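So the structure is just underneath, and the comments pick up after that.
The values are calculated or read from the model by the stated rules, or taken from the named source; none is laboratory data. Predicted model, so just to flag it, every value in this text is computed and none were measured. Here the Cβ is made from the backbone with ideal geometry for all residues, glycine too, and neighbour counts use every protein chain on show.
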Amino acid sequence: MRLDIYPDPGLVRAGRLVAVYMARVAGLDGETVQDVRLAVGESCGRAVAAHQRHGLPEPIAFRFDSSDGLAASVADRVARTSAGGTTTITLHWRAGC
């Protein structure tokens, strides 16, 4: 699943909600679902802050893959504009681990 959100602190919640949904689809237990919520929310919040600090209006990219547990990535565009790359935080959880 792909989700792009604009760098607005009010939209961080949307990223967390999608992460929780995907964690449940992946069959993760309740405690791990909360870990996913926290980690993705923190990553998104940092990306939003970085975009705002650099005046970037481009969206922040979320990618979720639930084919083998849950892999989630949050990518900002800050490095792309300043050094030719993208900062991506990738997180991975597996059901029953």
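Summary table below
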{"item": "Within the range 29-83, considering residues that are β-branched (Val, Ile, Thr) and outside any strand (DSSP E or B), the one surrounded by the most Cβ atoms within 10 Å (Cβ to Cβ)", "result": "Val40"}
{"item": "Breaking point among (1) over 13 Å from the mean Cα position of the chain (by Cα); (2) modelled with pLDDT of 90 or more, for Val40", "result": "(1)"}
{"item": "Selection count where residues are of a type in the set (Gly, Ala, Ser) and in contact with a Cys (Cβ under 8 Å, 6 or more places away or on another chain), scope the range 1-42", "result": "1"}
{"item": "The one condition in (1) within 10 Å of the chain's Cα centre (by Cα); (2) within 15 Å of Ala75 (Cα to Cα); (3) among the aliphatic types (A, V, I, L, M) that Ala49 fails to fulfil", "result": "(1)"}
{"item": "Subset of the range 1-28 [closer than 14 Å to Arg63 by Cα, part of a helix (DSSP H, G or I) and touching a residue at least 40 places away in the same chain (Cβ under 8 Å)]", "result": "Gly15, Val18, Ala19, Met22, Ala23"}
{"item": "Pairs, first of a type in the set (S, T, N, Q) in the range 48-65, second in a loop (DSSP other than H, G, I, E, B), C-beta under 7 Å, six or more apart", "result": "Gln52/Pro7"}
